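Colleague: Mind looking over this structure? Questions follow.
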Amino acid sequence: MCGITSLEDAALCVEAGADALGFIFVEKTPRFVTPEQAAPIIHSLPPFVTPVGVFWDHPRGHVKAVAETCGLRALQFHGAESPEDVTGYDLPVIKTLKLPPASTVEGLPAFQLGEPMFVRPFEPVASAFLVDSAVRWSEGETREPIEWRMVAIRLGDTRRPLILSGGLTPDNVARAVEIVRPYAVDVVSGVEARPGKKDPAKVRRFVAEARRV
């Protein structure tokens, strides 16, 4: 469950069965939180729920300072970082791969759909890959899903775990898991009442549907 902005939403997601909570430290985005806002939420989490910090082309010193202040236990890099940019951290690193939504896939060159030559350089330094939509982050509307079969075909042989994101909702997450068989799924707008505020019914149903498969 990503885009956590309050202690109330964190408690809801933990109660629903979330394994990890994402905190977005990317300025000028709808669910941005400061380290001062995130730290008390993270410090309240039970020991087996992982707090993940989301960053986008931030300087290394900034990332390390936020991680230490907040007690992060994993880092997700969502920008145009190189393998060298995400090397040297003492925490597990998740690198985001961005794919087009399903309706734009037809006719695109294959290299835009997760060409292994892009993935391979990150395999020695990333603990996992998160596959997300290239569409901008949602401001409340549900994003269109990426092409799940293309993910399974193009990235199914990567040596790192795949985390599936991009347009997931309680209505489609079970089907996505059936097709891709990812290590985990990640959701933001698909379980919100509004940007930065989770919908309890959607959160609980999303977790239940993902686990059902």
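Colleague: When V185, V86 are ordered from fewest to most other Cβ atoms inside 10 Å of their Cβ, what list results?
Modeller: Values: V185 24, V86 21.
By the 10 Å Cβ count, ascending, the order reads V86, V185.
Colleague: Under 14 Å from a point placed 7 Å out from the Cα of A208 along the Cα-to-Cβ direction: which residues of the range 158-188 have their backbone N that close?
Modeller: From the range 158-188, the list is 170-171, 174.
Colleague: Please turn the phi angles of the range 39-54 into ³J(HN,Hα) values with the Karplus equation 6.51 cos²θ - 1.76 cosθ + 1.60 (θ = phi - 60°), one per residue in order, whole Hz, x for glycine and proline.
Modeller: 4, x, 5, 5, 5, 8, 6, x, x, 9, 10, 8, x, 10, x, 9
Colleague: Using a 10 Å cut-off around each Cβ, can you sort H78, H62 from fewest to most neighbouring Cβ atoms? Show your work: numbers first, answer last.
Modeller: On the way: H78 20, H62 12.
So the ranking, lowest neighbour count to highest, is H62, H78.
Colleague: Fewest first, what order do K28, K202, K95 take by the number of other Cβ atoms within 10 Å? Don't skip to the answer; put the middle values down first.
Modeller: Details: K28 5, K202 18, K95 24.
The fewest-first ordering by Cβ neighbours comes to K28, K202, K95.
Values quoted throughout were computed directly from the atomic coordinates according to the rules given, and no laboratory measurement underlies them. Since the structure is predicted, the reported quantities are computational estimates derived from the model, not experimental observations. FYI the Cβ positions are ideal-geometry reconstructions off the backbone, even for glycines, and counts take in every protein chain you see.
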